[in-house]
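Visitor: Before anything else, here's the structure in question.
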Amino acid sequence: MTDPVATAVAAVATGRLDPRCPVTVRKVRCSMPLDPQVEAMRAQRAAENVPQLYTRTLAEARAADLAAIQAAGGEVEPVHSVEDVVVDELGLPLRVYRPAGDGPLPTLVYFFGGGWTLGSIETADGICRRLANAVPCQVITVGYRLAPENPFPAAVLDCHRATEWIAKSWLVDADRVVVGGDSAGGNLAAATTLLARDNGPALAGQLLVYPNTLYGSDTPSMRAGDDPYLFNRTSVGWYWDHYLTDPAQGRDPLASPLLATSHAGLPPALVITAEYDPLRDEGEFYAEKLHAAGVPTVLSRYDGMVHGFFAMSGVLDGGRRAIGEAADWLRGVFADG
């Protein structure tokens, strides 16, 4: 029997990720050096010999990750209303960012990044504030359970259950609900759309920012991702090792959305990738898979950028541009809804 993981890995590695792929691409996609702002950030990390998160204890890594994201996120944008709630029937914390306006609003359900292991509602606070203001729309962050304390599939099930509950809330326009996330949050958003297609709720779109889409990926970008001062392939493996209790779980489409039997019927997608990111190729390959299945898909690679740049809008112009692009895309999706 053909190994689906090996087949998907081989398909990515053979060069199918052609810059002329048949996906709507908004950015000129050519090889560029590291963006000067990224290079300066990397040089500072090297000068200070900042240790990689995977060399620290889990508690140290969680604290350092949040501190770094908050430092790079810039000033905290005020939003008309920000409320932390815990829904008893979910047992999960939610944070609701609501712009001015009465009644049900179009809503982005956002899943924070952190390799399913790090992160919290606080991790995505800057992103959610900026999107709530820029669209404008309601943004709700889900505090899903983390691994290794709660390994796969706990986070996926939490995100789907929360999305189901949110779509039925009186604060939400049920016809205009989009799921989104960055990194592991993008993985969870993609997995949530697979569950929602078969079980509800109906979703208007998916915002996938440099998502993990394939366990065991051996792509050109993964092989090239060995920089000791940036998110690299060792980082990727470290997160997967915390998330999965058995490598065989990586074959599950809820862990590796690329392995879904079909991607037909999924909601329109914006897939954002970064040139110098080990996850670049699998994110772009996922965009191809969506397009091939008839899903309206926009793929946007940010040249010179690195993994995590979407959360670094306080120090990277590329991060601000990507937030703006996501806001523009969301505005269009909500208008169509």
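The values are calculated or read from the model by the stated rules, or taken from the named source; none is laboratory data. Just so it is clear, the model here is predicted, and its values are computed rather than measured. For neighbour counting, all protein chains shown are included, and Cβ atoms are generated from backbone atoms with ideal geometry for every residue, glycine included.
Conditions (1) over 17 Å from the mean Cα position of the chain (by Cα); (2) under 29 Å from V333 (Cα atoms), marked per residue:
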residue	(1), (2)
V236	no, no
Y239	no, no
P257	no, yes
S262	yes, yes
L266	no, yes
L270	no, yes
D277	no, yes
R280	no, yes
G318	no, yes
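Visitor: Which residue pairs have Cβ atoms under 6 Å apart, sit 6 or more places apart or on different chains, and have a first residue in segment 91-104 that is more than 14 Å from A124 (Cβ to Cβ) and a second that is of a type in the set (A, V, I, L, M)?
Guide: Correct list of pairs: L92/A162; P99/A132; P104/V172.
Visitor: Let me ask something else about it. For segment 303-315, check the following and say yes or no: at least one residue is more than 21 Å from L108 (Cβ to Cβ) and among the charged types (D, E, K, R).
Guide: yes
Visitor: Does P136 meet the test of being in contact (Cβ under 8 Å) with a residue 40 or more places away in the chain and either on the phi < 0 side of the Ramachandran plot or surrounded by 24 or more Cβ atoms within 10 Å (Cβ to Cβ) (or both)?
Guide: On the way: in contact (Cβ under 8 Å) with a residue 40 or more places away in the chain: no; either on the phi < 0 side of the Ramachandran plot or surrounded by 24 or more Cβ atoms within 10 Å (Cβ to Cβ) (or both): yes.
Against the criterion (in contact (Cβ under 8 Å) with a residue 40 or more places away in the chain and either on the phi < 0 side of the Ramachandran plot or surrounded by 24 or more Cβ atoms within 10 Å (Cβ to Cβ) (or both)), P136 does not qualify.
Visitor: How about segment 198-227: which of its residues are under 30 Å from R331 (Cβ atoms) and part of a loop (DSSP other than H, G, I, E, B)?
Guide: Once the filter is applied, which keeps residues that are under 30 Å from R331 (Cβ atoms) and part of a loop (DSSP other than H, G, I, E, B), segment 198-227 yields G200, P201, A202, L203, A204, Y210, P211, N212, T213.
Visitor: Next up: What number goes with the only condition from (1) modelled with pLDDT under 95; (2) within 17 Å of H307 (Cβ to Cβ) that V87 does not pass?
Guide: (2)
Visitor: Take the residues in segment 168-189 that are among the small types (G, A, S) and surrounded by fewer than 20 Cβ atoms within 10 Å (Cβ to Cβ); name whichever of them is farthest from the chain's Cα centre (by Cα). Before the answer, list the steps.
Guide: So the first thing to find is which residues in segment 168-189 are among the small types (G, A, S), and the list is 169, 174, 180-181, 183-186, 189.
Okay, now just the ones that are also surrounded by fewer than 20 Cβ atoms within 10 Å (Cβ to Cβ), so 169, 174.
On the way: S169: 24, A174: 22 Å.
Residue satisfying both the conditions and the ranking: S169.
Visitor: Tell me, yes or no, whether segment 218-232 has at least one residue that is within 15 Å of V156 (Cβ to Cβ), of a type in the set (A, V, I, L, M), modelled with pLDDT of 95 or more and in contact with a Pro (Cβ under 9 Å, 6 or more places away or on another chain).
Guide: no
Visitor: A follow-up question, please. With respect to the numbered conditions (1) outside any helix (DSSP H, G or I); (2) exposed (fewer than 11 other Cβ atoms within 10 Å of the Cβ); (3) modelled with pLDDT under 50, which one is the sole condition not fulfilled by R29?
Guide: (2)
Visitor: Could you check segment 187-201 and list, in sequence order, the residues that are under 15 Å from A269 (Cβ atoms) and in contact with a helix residue (DSSP H, G or I) (Cβ under 9 Å, 6 or more places away or on another chain)? So that I can check it myself, show each step before the final result.
Guide: Applying the first criterion (under 15 Å from A269 (Cβ atoms)) to segment 187-201 yields 187-194, 196-197.
Selection gives N187, L188, A189, A190, A191, T192, T193, L194, A196.
Visitor: Shifting gears a bit: Identify all residues within segment 43-73 that are more than 22 Å from the chain's Cα centre (by Cα) and not hydrophobic (A, V, I, L, M, F, W, C); write none if there are none. Step through it out loud before you land on a result.
Guide: Going through segment 43-73, the residues more than 22 Å from the chain's Cα centre (by Cα) turn out to be 43-51, 55-57, 59-60.
Q44, R45, E48, N49, P51, T55, R56, T57, E60 - these are the residues of segment 43-73 that are more than 22 Å from the chain's Cα centre (by Cα) and not hydrophobic (A, V, I, L, M, F, W, C).
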